[in-house]
Each structure stands twice: as structure tokens, then as C-alpha cells.
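The values are calculated or read from the model by the stated rules, or taken from the named source; none is laboratory data. All of these numbers come straight from a predicted model, not from anything done at the bench. A quick note on method: Cβ atoms are made from the backbone with ideal geometry, for glycine too, and the neighbour counts reach across all protein chains shown. Protein only, heavy atoms only, side chains kept; ligands, DNA and RNA dropped before computing areas. Shrake-Rupley method; radii C 1.70, N 1.55, O 1.52, S 1.80 Å.
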Amino acid sequence: MSSSITSKNLIIMAPVLKFPINVGRIDDVQELKKSRKNNIPNRFVRDIAERPALATSHSPMSTSIPVIDLSKLMKGNKEEFHFEILKLSASCEEWGFFQVINHGIDLNLLEKIEKVAMEFFMLPVEEKQKYPMAPGTVQGYGQAFVFSEDQKLDWCNMFALGLVPHSIRNPKLWPTNPPMFSDTVETYSKEIRKLCKDLLSFIALSLGLRGNVFEEMFGLSVQAMRMNYYPPCPRPDLVLGLSPHSDGSALTVLQQGKGNTVGLQILKNNTWVPIQPVRNALVINVGDTIEVLTNGRYKSSEHRAVTHKDKDRLSIVTFYAPSYEIEIGPMSEMVDENNPIKYRRYNHGEYSKHYVTNKLQGKKTLDFAKIPPNNSF
Ligand SMILES: O=C(O)CCC(=O)C(=O)O
Ligand SMILES: [Fe+2]
């Protein structure tokens, strides 16, 4: 029997790697850009099957995923509320993604977090490397999810922090430069936390469940943040900004840099669909945890980021998940004879550990929880 994981021992242990790892040389893509002009090191060049097709007249149109108006859920009349809940349920079932407008978060705060994030990424590399992401770990500056020398690298610089509970914080990784960085992260993460709670309660209602079901189940929810900076890439047809993956969270909130190019793509019906940013909206996606809890009714969608030849791109991503202590599995309301159980029960801390100690590879991480379909005739 595996012992359950608590937030305290997770930070000490996490990520727990069975062997010392050799990740080889990880070039900083912003520095590459400065030094090498058009030469892309082989480690960034994807195998042909993985390369992003550049837009042609045949490529799927950039799509606006469903847009949910939060004000209609918070204070709309009965009809507006009902309509928006139906839209929410359809978005989660069909896309696992939606954008939220009128979310109530001060637009100045969204601008401010973007500003400090960009200021951070524009610092000299020596300054950023004062907060290093150690190989195999997921906090600090660097590239996460790299576990071997021959693994392909993403055309991205990341900066990530654990936020809640406090025990997952590593104070040495909180930048003092830019001066407003850490304060802004604190304010922003409190606002995003409220949004996650509200959205989860509407997601519960959209499933016909009590609004507070997830809040009660999750305990003190874990919250972490990652800023992804994708510099322009001379050969966007050869590289990926971020490898295909689903998120291990319950819910993810993604803020795209204002005026940035399209970079996020979602795999839908085996086609990578570029997602058109909507002004002042936040992109929300269902993570693996909600997929398990709803027994696959709401699915975490596979997504990735691509780069652009001339333009950079920033995304600021919040992951909201249950406390590591809790055990999860499909909720009884989601299982019946037409919807047989698809996932086993497990400790969420174990899943988090599994997620952060494996490379990003589509939805493979969720095999951890899948019950193989019954093959008997
Ligand atoms: O940059 C993006 O749009 C995607 C980011 C993302 O999926 C992630 O950080 O998990
Ligand atoms: Fe993601």
C-alpha cells in the first residue's frame, strides 16, 4: 500500500527521482536568440511528426473557444444564468477549454503582472539564474520537465513558483528584482484563487452537483504559477514552444500577453486548433483532476504552444488543485451503468509527484489513473 503524501513531505521530497539525472546542456533560448542568428541547435529540432505545420490556406482557422460571461453567472437574471451554465457545461464537455470575460479581476492588475513578468524575463541571464530551476524540479527559472540528455527541448523560458500552501514555497526563488515582482504575484494569486473557487462552484452546478462540492472536497487547495516566455524563433516550423500535454491541475487559468500573437493550440478531433486570444479574457482549462472526478465527462484537453518568427509571446499560468493529502476518484454521481468507472482512486499528492517527475507527453500522464477498458466480449 502506498503511503499518502502531505504538502510537507511533498516539498521535501518533490520531485522524487529514482536516479540522479543527467539532463545535458539546456540552452537559454533568449541567449541563443542573441548569439546565433538563424542556427537552431539540434536538441530543439522536433521529429517530423511533432513539428507544427505552419499556417496555410488549408490549416484550421484560428478559433475562438466558447466565451463565458462570468457576470451573468454571478449576478445575471435566471434566464441569463441558465443559458451561461449550459454554455459552460458544453464548453467543458466539448473543449475542456473556455475563455472567461467580465471575470471581475482588475484589468490594471492583469497589466501589472504582465509588466513585472516581462521585466523579469528581460533581465540579464545571470540575474535570472539567481533563481535556478534545479534539474528535475519545477520551481524557479529554467526549463521544467526535462529528465534526460536526449529529450527534446522547448523554445521557452519558464519561471515558476509554488504559492499555496506556504509549505510548498521556496523563499530563495522569489525574485527581489524587479522590485514589485513578488508583491504583484501575491496580489494576483489571491484574485485568481477567488476566480478558481467561483468557477469550480459553477462547474459543479453545471454537472447538477452542489456548488460547494469541490471546495469541500479539496481541503486547502494547492496553487502554483508558471510564467512562460517564448522569444521569436527563426524556424518556428521546426520547434515547439511547449510540448503537448494536459494539465495535472483541477483548473488552470491562463493569461496571454496583451496583443500577443496566437500561440496556444488545442488538440481537437486530432487537429491542432490555434486559439484566438479575446481581449481582457482569461483562458480556463479543465485539468486531469476534474477529468477523473467527473469520470471523463469533462476532459482535460491536450494542448501545446508554438512560436513565431518575429514576435515573442508571454503566458502567465495558474494551476489550482486539491490538497496533496486528499484521495480522489470518480464521484459516485458520475458513475452508472451507462458510464462505467474509468479511473481508480488515488492520493492526489502521488499524482502530482507522478506528473512532475515525467516529461510532458500528451495525455500519457493520466494513464496513472486509467482503468483499462474491459476487453472481454
Ligand atoms: O503558453 C501557453 O499558451 C500554454 C501554457 C501551458 O499550457 C502551461 O503552462 O501549462
Ligand atoms: Fe498547460
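Observations
- Taking all pairs of distinct alpha-carbon atoms in segment 214-302, Kirkwood radius in angstrom: 15.0
- Calculated SAXS-style log₁₀ I(q)/I(0) at q = 0.17 Å⁻¹ - segment 134-211, Debye, Cα scatterers: -0.85
- Between helix 107-121 and the chain: long-axis angle, C-alpha atoms, 0 to 90°, nearest 10: 40
- Magnitude of the charge dipole, segment 231-361, Cβ model with Lys/Arg +1 and Asp/Glu -1, debye to 20: 580
- For the peptides 249-256, 39-46, 328-335, the ranking by mean Cβ contacts within 10 Å, running from highest to lowest, is 249-256, 328-335, 39-46.
- Take every pair of alpha-carbon atoms less than 8 Å apart whose residues are at least six positions apart; their mean separation over the length of segment 109-171 yields a relative contact order of 19 percent.
- Share of carbon and sulfur in the accessible heavy-atom surface of segment 182-243 [1.4 Å probe, %]: 54
- In this structure the chain gives 47 Å² per residue of accessible area when probed at 1.4 Å with all protein chains present.
- Using a cut-off of 23 Å between Cα atoms, the listed pairs LYS75/LYS112; LYS342/LYS364; LYS258/LYS299; LYS299/LYS370; LYS172/LYS309 include LYS75/LYS112; LYS258/LYS299; LYS172/LYS309 as exceeding that distance.
- Annotation: peptides 225-238, 71-84, ranked by per-residue average of other Cβ atoms within 10 Å with the highest first, follow the order 225-238, 71-84.
- For the chain, relative contact order (Cα pairs under 8 Å, six or more residues apart, normalised by length) works out to 23 percent.
- Area projected by the alpha carbon convex hull of segment 282-331, averaged over all directions, nm²: 4.8
- Formal net charge of residues neighbouring LYS72 (Cβ-Cβ distance under 14 Å; K, R +1; D, E -1): -2
- Here segment 88-177 is assigned +1 on the Cβ of each Lys and Arg and -1 on the Cβ of each Asp and Glu. Its dipole about the Cα centre then comes out at about 400 debye.
- Violating pairs (Cα-Cα greater than 21 angstrom) within the set LYS115/LYS353; LYS72/LYS194; LYS34/LYS128: LYS115/LYS353
- For segment 98-138, backbone nitrogen atoms closer than 18 Å to the point 7 Å from MET180 Cα along Cα-to-C-beta are found at 105-123.
- Between the residues ASN170, LEU88, LEU153, the greatest Cα displacement towards the positive end of the dipole of segment 56-196, with unit charges on the Cβ of Lys, Arg, Asp and Glu, is found for ASN170.
- The chain - mean residue ellipticity at 222 nm from DSSP helices (-39,500 (n - 2.57) per run, n ≥ 4, rounded to 500): -8000 deg cm²/dmol
- Ratio Rg/Rh [Cα only; Rh per Kirkwood] for the chain: 0.94
- Overall Cα dimensions of segment 210-360, principal axis frame, Å, largest first: 50, 32, 32
- Net length gained if the chain between GLU337 and GLU111 were fully extended (0.36 nm per residue, minus Cα distance): 76.5 nm
- Here, segment 25-161 is characterised by an Rg to Rh ratio of 1.08, where Rg is the alpha-carbon radius of gyration and Rh the Kirkwood radius.
- For the chain, a simple Cβ point-charge model (Lys and Arg +1, Asp and Glu -1, everything else neutral) yields a dipole of about 760 debye relative to the Cα centre.
- Of all accessible heavy-atom area on segment 278-361, the percent that carbon and sulfur account for (1.4 Å): 44
- In the calculated pair-distance distribution of segment 139-266, the portion above 22 angstrom amounts to 49 percent of the Cα-Cα pairs.
- Normalised by 2.2 N^0.38 Å, with N the number of residues, the alpha-carbon radius of gyration of segment 102-145 equals 1.50.
- With the convex hull drawn over the C-alpha atoms of segment 65-140, the volume per residue is 133 Å³.
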